[in-house]
Amino acid sequence: MEDMPKNNRRDFNKLGLMLGVNTLLDPLTILSTAQAQSALNNSNVGALEMSYVQINLYGSPSRWYFDSILKPKEFSPFKKEEMISTTYSKKSGFQYEHINMHGIAAPMLWNENIKILNQKKNIGSLFENSMIIRGCNMGADGHDLNSRKLVAPFSGEVSLTGQLSDLSHLPLTTVQLMQKISSQASAPGAFKSHQGQSPVNIKHSQDYFQALFGSVQKEKTQSNYSEIIKLLNKNSSHKPLFQSTRANAKDLLKKNINLLSGEYEELVKKYTTIIDQAIGTLSKTFFMKEKLGGIELPITSTNANPHSILGPQMFSGYFAGNDDFRSMVKKIEFPKMAEQFAISEFLIKNKITSSILMMMIPPEHLNIENALELDQISQVRIKNNIEPKLVRKKGTKSFNESDEEFNFDTHQTGHYPDFIVNNTYFYVFSHCLLMFKENLRKIKKMDKTIIHLTTEFERTPKIDQAGSDHGWQGHTSTIITDKLSGLHLMGNIYTSSPYFETPNKRVGTWGFGAPHQELKGRHLSYRNIMSSMSYLMGVDSITSIDPSLIYMDKTAGLKKRISAINIDNQR
Amino acid sequence: MNYFTVLIILFFCFSCNKKPTLALPSGTDTHFAKVFPIIQEKCVSCHSEMIWNTTNQWILSDYIIPGNPKQSPFFLSLRGTHVKGKGNMPIDKQEDLTAEELSIVENWILTAKLIKPKSNNTASNEKKIISDLRLFYRCYGHLTQARPTPSNIFIKKIKNGELKGLDACNKLVKGMKFNKNKLDINNIDFTTQKLMLRNFQSLHSSWFPNYNFANNNQTWGTFEFFDPNDVALYITRSLFNDQVPFKEIFSGEVTYSAIRKSEFKSDYLVYRSKLELYQPMESFLLSLGQDATKPMPWLPRPKYLERGSLVGVTATAMNQNKINIGFISDAVRKPIKLNTDFNKGFGGGLLGSPGYLVLNFGNNLGTIMEDGQHNMRTWSKGIFRDLFCRDLPVIKISDSKNYMDEDDDEDRDLAFEKSEQCMQCHVSIDSMAISAKNVTVLLNNLIAAELDLEDMDKVHLQTMFPVSTKNLINFKHPNLPYANGNEKAYLIYRNFYDKLIEKEFSNIEGLGKAMTDQIDPYICISKRYFEYFTGIKINLNQLLKRKKIHDAGETKVYQLLEKLGLELKKHQNLKLLILSIFNTEWYHLQDFGYNQYRK
Amino acid sequence: MIKIIIMIFIFSSSAISANSLMFQPRMGNKYYVNSVLENIYGPESKIILQKALLPYSDFFGGPCDPYEVVLSKKKGSSGTLYKCFNGMPDLRSHMISQPSTLRTMQMKNLCQKLSQDQKTLKFSLKVLNNVKEFKDKIQSYYHSFYPWDNLSNSEIENIIKTLNKKYFWKTYSELLCQSERWQIP
């Protein structure tokens, strides 16, 4: 054993792991873990036990409905912003209401109940063991720039996924599930490992299982042929390494492929069922309780700009005129959501992968009615002493669209569609995430898994509510793992933007990161979040100069290094 | 207490911890065994690097000096010791080390010793030298990324015994040359030379990890003006041109462009498709990757950078592309008047080339360096990484003390300047960054302006370019004394021989000169070529840190790098460097010493 | 008890901070592999290589160069070998690569396709045109992949004995293609 090159031992152990041999004290594991020390990384002796799953909503949808906690406590300073709302009723309009849960003032969505595996749980239970870090200033604007940062905080240098790949003993160390667009310029493209490892990138259009295991399913090579390959490799010093990678590939692809395929299909069915269940119970949710009617033309308006009145109804650059905006989601679909969760669960359960990057795909098949373009609306004054009205221009017709795609980057998604579609998305998404979490718990993996829900940044609503822009001075990362107990909220925010850099200077509390005394007057950096995750996973941080925000105290248990307060800076 | 018991107890103790820590190796001295849990408990939560589980690692990190607690930075940082140090750790006073614990730490340092590992020579001493023919196939493959055809003249001669493999390789290398800035198309070996040119440009580019101009606001238009690999052209030019000494890559304001040859002109720009058609019918195709459906041409054609196979490197003409307006962002459209030449460097050859500055700017667009929070640190860090092959820190922690102000300067409120650990990196990068203090990066929409585009596309097609604040017209600098001042920049680092270097200079050109006077850039380039040809990856930081405990392989590599570096500094010829590598024993071994020196 | 002894045994050999040298097999990147295979399997192999080798610069290494690619609406294209198949990050694929499960899997796939395609296999067998003896044919074909050494008699006999007579050349081609030693330039 001692003579085997270290990579070979690692591959050998991957095989062992595949066969289910996995106790910490197993001699094989110890042998490979100790000798698997990378020459470049001398502090990590243990094989990576943890799995890392990053759920990345590229485009950055509005998260105040879900896990962007803008008001930690009932009495936290807060400046209301019309578009940043968690509830709607005809009586009171849009409000930022909350429910007390896990020690914080949580968004209303957490109160919704879900039936999972014959149990009733509320969405808030997703966060019962979690860390929500808000108010992280990303330093600069840009989707791709910040998306790459989420994985590799120092541009051009090793990524978290790369580091974990180097430490991993599993056959396919990193799997990346791509989105429809902008994939390689964003987080998946930032993968970099010291040892030249590669991730497996699967396009959204591919069948996930086929992409991973389909290529050599028809292999008919006989076992004695590998002896011939050995012969052809003659006396190369690398023969043992070649042999083990080949054995690994063979076993990975051939072993019980039918059984595994069946297992994956079962999982897809389960997630599809839960998604259907979620869609079926949509009408009972708090956000679908009441009709959300759009404004109809003609309407009195002294302002000639339609945005002033119709802003909240903006969608993809035109004004949606749905009589009831709830109808937007009547045929909503969630492409690849079931498959993404299914393959992730499958890969972790079968110990095939150590880190997974899920680039989520926005929902589709939204229904728009009576829509009008900007240039189809004009202001008219019928008589001198009657107030002017906004009307549909003569000769133009409104249009319907039943197949609209949602864009997470909601620059041109007004308040009404934003409220309905994002709440719907997070409602359905929570079903899948909760099932994912509970399934991992059942197989005792949830304390060895870090689920990291993240986007590039928060959003700043436009004054006319016709959309929202990039709030790159605030970012939220939510980490869910049974390695934690309780909900740990961290990060200070201002109640309003302290300087007028963005056009949205007059908006209320949206999550602009504020400084921390504990960090010597600095605001949070994403590198602190990176260090915190590394701490949980028991690996060296690739951003070690920025400390972890949590640490273990010998008597008090897990402690937070920073606070989560709203700093009132309203003028 | 015997070692066994200690080990078992420690094993069970650590298995209770939520964060898996390292167990202590067998043979650990009792002093360190006592210190280790104290450090794990009171230091590691903030200082994750202090997870080291051997005294050796502590000594090699320079955190402790064997036998000398009074000079050991670690001991000096602890509160409650009898020595005069910072004495401010741990941060939380409630976590202070007790008197007994401090005494344990002191005893440990007093008795600490560096232990050289026993040579673990289970490897075979048999050296498999490859045949001449094999050597030729090897070097041909390395030089061209291709296989020679069986009819190759060199192969015939080697088979006939008329030529040695090494001589054939040497001839190939010597064939890498330009005739007036480009390959001679009439040369019988033009095809092979083209392959070698392409290969080496690729290799040189791979040494510069930052390549993506699509930073703020997806500034894809920048790819039409600057090739992200144009930094590498400086090195490729020196390799293919014997009249260009290596040190010239660090000097001058001239920038370089690729000379490319193709049979027809390209209709496409280098940009990603938007997957939508705009009115009027404008859509653009990426040459860069996936999801392209039906390509549609986009006029005007690319005109600033050539397309086709690389055949040469030429100096970019100046005064051709002058810019008069810049913007800070697409949102803030207030134009800033300026006067700059797009293709002029900032001195120091590749150090001040526009591509390198933009890719390593590291600040928000339009940021003005004011000697404090904002500085060209990403750039100077990049220089240490790319051209010295070193990761920060590059000085010892005890060195940083000498560069810290004793008095609290009320005007400066930078937290990192008060911390030795922070300054260990900042001393080197900040003092170098002063030389680029007048650089900023702005936007222009040179490409978008020529097209009739919707607003969104204008956003995505901005071009970034560096400009000196001195070229901004009617501009109010927030820190004019700093901008106009004569504050010197410094090159401060510990070199290959562990000697602390401190060289003064004023601008980027001066930095280039200071660098070429040192051995380290030469060693860095030698290391990179050696890694490429043999596959043996060298962590230079580790190699230098471990100097006192090198094993056989490391000793050989260290000596080789020194030799190659000194030779290159003398002859300034990259071809000779490659030939030297071909001449090493490593290159003639079947698996490059895999069995002889691998641990 | 045994586990503890094993632990001690392991840790004693890794007691010092890790070595600064990493010895890895220096595998050729996709351009090298492409060059060798195109020479052996002929111009018809281009399509297969385009699909099953060139897009995988992640596994094989081989950085792209978008400025090499010339696309003209009227006149066609050139330099597409250097296309960035997976977008921007291919600019920084490694120059050389290491053996990995993923590379091995992809080579299996590629070699299967090359040896199963009639045209490419036929082209590769052209080297046997003037060779009479069966054993010499095996040697000659071996030289396509390994021009710098020879198979011994016993090795040739082993090959003859093991491989199925019916699909001999197809199998032999596939196995030679899959063997890793030629992939190190």
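The values are calculated or read from the model by the stated rules, or taken from the named source; none is laboratory data. Model, not experiment: these values are computed from the prediction. Every residue, glycine as well, gets a Cβ built from its backbone with ideal geometry; the counts of neighbours run over all protein chains shown.
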Does the stretch B:527-550 contain at least one residue that is surrounded by 19 or more Cβ atoms within 10 Å (Cβ to Cβ), polar (S, T, N, Q) and either in contact (Cβ under 8 Å) with a residue 60 or more places away in the chain or touching an Asp or Glu at 6+ places or on another chain (Cβ under 6 Å) (or both)? no
For residues that are more than 30 Å from B:Y594 (Cα to Cα) and either within 14 Å of chain B (Cβ to nearest Cβ) or in a helix (DSSP H, G or I) (or both), tally how many sit in the stretch C:132-185. 13
Looking for something in a loop (DSSP other than H, G, I, E, B) and at pLDDT 95 or above - is there at least one such residue anywhere in the stretch A:129-148? yes
Search result, residues across the stretch B:362-389 that are under 19 Å from B:I336 (Cβ atoms) and surrounded by fewer than 23 Cβ atoms within 10 Å (Cβ to Cβ): B:N363, B:N364, B:G366, B:T367, B:I368, B:E370, B:H374
Let me spell it out: the conditions are (1) within 21 Å of B:F208 (Cβ to Cβ); (2) modelled with pLDDT of 95 or more; (3) of a type in the set (S, T, N, Q), and B:S580 meets all of them except one. Which number is the exception? (1)
Consider A:G262 against the criteria (1) farther than 19 Å from A:A211 by Cα; (2) outside any loop (DSSP other than H, G, I, E, B): it satisfies all of them except one. Which criterion is unmet? (1)
When you go through (1) touching a helix residue (DSSP H, G or I) at 6+ places or on another chain (Cβ under 6 Å); (2) in a helix (DSSP H, G or I) one by one for A:G294, which number turns out not to apply? (2)
For the stretch B:130-148, check the following and say yes or no: at least one residue is surrounded by fewer than 19 Cβ atoms within 10 Å (Cβ to Cβ) and away from chain C (no Cβ under 12 Å). no
Residue hits (the stretch A:151-164; among the hydroxyl-bearing types (S, T, Y) and within 20 Å of the chain's Cα centre (by Cα)) are A:S159, A:T161
For the stretch A:386-416, enumerate the residues that are under 30 Å from A:G59 (Cβ atoms) and outside any loop (DSSP other than H, G, I, E, B). A:F399, A:N400, A:E401, A:S402, A:D403, A:E404, A:T413, A:H415, A:Y416
Quick one: which residue in A:F286, A:F319, A:F325, A:F242 is under 30 Å from C:Q178 (Cα atoms), buried (at least 17 other Cβ atoms within 10 Å of the Cβ) and among the aromatic types (F, W, Y)? A:F242
Being within 14 Å of chain C (Cβ to nearest Cβ), at pLDDT 95 or above and touching a strand residue (DSSP E or B) at 6+ places or on another chain (Cβ under 8 Å), is that true of even one residue in the stretch B:514-525? no
Of (1) at pLDDT 95 or above; (2) among the small types (G, A, S); (3) part of a loop (DSSP other than H, G, I, E, B), B:S205 satisfies every one except (3)
Suppose we filter C:L110, C:L163, C:L128, C:L175 for residues that are among the aliphatic types (A, V, I, L, M) and surrounded by fewer than 18 Cβ atoms within 10 Å (Cβ to Cβ); which single one remains? C:L128
Within the stretch A:444-495, can you find the residues that are part of a strand (DSSP E or B), more than 20 Å from A:L519 (Cα to Cα) and aliphatic (A, V, I, L, M)? A:I450, A:I451, A:L453, A:I479, A:I480, A:L487
Take B:T30 and tell me if it is over 22 Å from A:P547 (Cβ atoms), at the interface with another protein chain (Cβ under 8 Å from one of its Cβ atoms) and at pLDDT 80 or above. no
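Per-residue answers, yes or no, for (1) under 14 Å from B:F246 (Cβ atoms); (2) facing chain C (nearest Cβ under 10 Å):
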site	(1), (2)
B:N541	no, yes
B:L544	no, yes
B:Y558	no, yes
B:L564	yes, no
B:N583	no, no
B:H588	no, no
B:D591	no, yes
B:Y594	no, yes
B:R598	no, yes
So A:L150 ticks every box in (1) within 12 Å of chain C (Cβ to nearest Cβ); (2) crowded, with 24+ Cβ neighbours inside 10 Å but one. Which box is left unticked? (1)
Give, as residue ranges, the helices (runs of 4 or more DSSP H) completely inside the stretch C:30-122 that count at least 1 residues that are within 12 Å of the chain's Cα centre (by Cα), at pLDDT below 90 and more than 13 Å from chain B (Cβ to nearest Cβ). C:57-60, C:101-116
Say whether the condition of being surrounded by 23 or more Cβ atoms within 10 Å (Cβ to Cβ) and under 24 Å from A:T272 (Cα atoms) is met by at least one residue in the stretch A:465-474. no
Out of (1) in a loop (DSSP other than H, G, I, E, B); (2) among the polar types (S, T, N, Q); (3) crowded, with 23+ Cβ neighbours inside 10 Å, the one A:S165 does not meet is (1)
